[in-house]
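The values are calculated or read from the model by the stated rules, or taken from the named source; none is laboratory data. No experiment lies behind these values; they were computed from the predicted model shown. So basically every Cβ, Gly included, is an ideal-geometry build from the backbone, and we count neighbours across all protein chains shown. With ligands, DNA and RNA removed, areas are computed over all heavy atoms of the protein, side chains included. Shrake-Rupley method; radii C 1.70, N 1.55, O 1.52, S 1.80 Å.
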Amino acid sequence: TLHGETMTRRLIRYLTGLVIAALIALGLHLFCIGSYSISTRSMSDALQEGDRVFVNKIRSASNPGRGRIVLFKGHRTQGCQAPLFLSRCVGMPGDTVIIDEDGFRIAGRLYPKLPTTENMFRIRRDIKKPLMELMRGLNIPYRSAGEDSLSLTFRLTSREEVLLRDKLPRLLQIEWLPGERRRHRFVIPAKDSLYRIDSTSLLICREAILTEYGNRASIRDGVLYVDGRHRRYLFFRKNYYWMLSDNEDEAVDSRHFGLIPETRIEGNVWFRWYSNDRKKLFKRIE
């Protein structure tokens, strides 16, 4: 009987130890360090599809940090868990973002725009016919934006512009005249900072405003109302970030989602512990 009681106590201690170890491992995974497998090429060449990495979830002044690769949650769809995405954190709370035809300029650095963004261009009317023939040959649709007696205006995506810029000077010997350049400027909201609301910030921050203020906020005819009153300034309760992926052709980031709130950020990618490329094994990710 004594032997049986001793075995029972040992079994209880063993099971208790397993439960405690499991709880500690779960706590570490949820709140400290998580292991993830890379399933996209959004951050190549820094991270390759198939790599496995540790993500540091402990929040600090440098997590998420500028220039660091960050794991964050996308939009949650009904009945489904929010998907995870990888991008580089290029915009911090309080940063000014300038958007124009060249791309996104943040903290003095230029980042690429979405390749499918359409821009306006003008060209001489007398070369319309050969232009149409060239565009048909390149499978580029003609999206007219107006014509006059001297010129015609049309829209092209960034990819289409590259194709035409390569072909037009050589084949048609024409002068390329870009349309009016538009520049938009907005500040990434920082927690508890007073934020000016204009047409650009209202467009960029629309989802953040409606999420933070719920039914209290409404947007009518391009004007923000909170509790029924027109608001030109607003406080945000969260910090927000701007994410851009290294591989812009195969990525989903802030060019699609807009601002990323701190509550959707899992943490910085910290360490690569597995890779098909042996030279990249056991590398810290900066």
Inset, instruction - Report Ser275's accessible area, 1.4 Å probe, all protein chains in place, as a number in Å² to the nearest 10. - result: 10
Legend entry - Segment Arg220-Arg109, extension gain: residue separation times 0.36 nm, minus the distance between their alpha carbons: 36.5 nm
Legend entry - Length gained when the stretch Asp148-Thr96 is fully extended (0.36 nm per residue, less Cα-Cα span): 14.9 nm
Inset, instruction - Search the structure for amide H atoms under 5 Å from the amide H of Gly67, placed 1.01 Å from N in the peptide plane, and list their residues when 5 or more places away or on another chain. - result: Cys89, Val90
Inset, instruction - Compute the signed sum of charges (Lys and Arg +1, Asp and Glu -1) over the other residues within less than 14 Å, Cβ to Cβ, of Leu202. - result: +2
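Would you mind calculating the gained length between Asn276 and Glu49 on full extension (0.36 nm times residue separation, minus the Cα-Cα distance), in nm to one decimal?
Value of the extension gain: 80.8 nm.
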Legend entry - Highest-first arrangement of 84-90, 246-252, where packing means the average Cβ count within 10 Å: 84-90, 246-252
Legend entry - Modelled FRET efficiency - R0 25 Å, Arg284 with Ser37, Cβ distances, 0.05 increments: 0.90
Legend entry - Volume per residue of the C-alpha convex hull in region 178-286, rounded to whole Å³: 166
Inset, instruction - Normalise the Cα radius of gyration of region 243-286 by 2.2 N^0.38 Å (N = residues in it) and let me know the number. - result: 1.47
Legend entry - Inter-probe distance in nm under a simple model that places probes 7 Å from Cα toward Cβ, at His75 and Leu203: 1.7
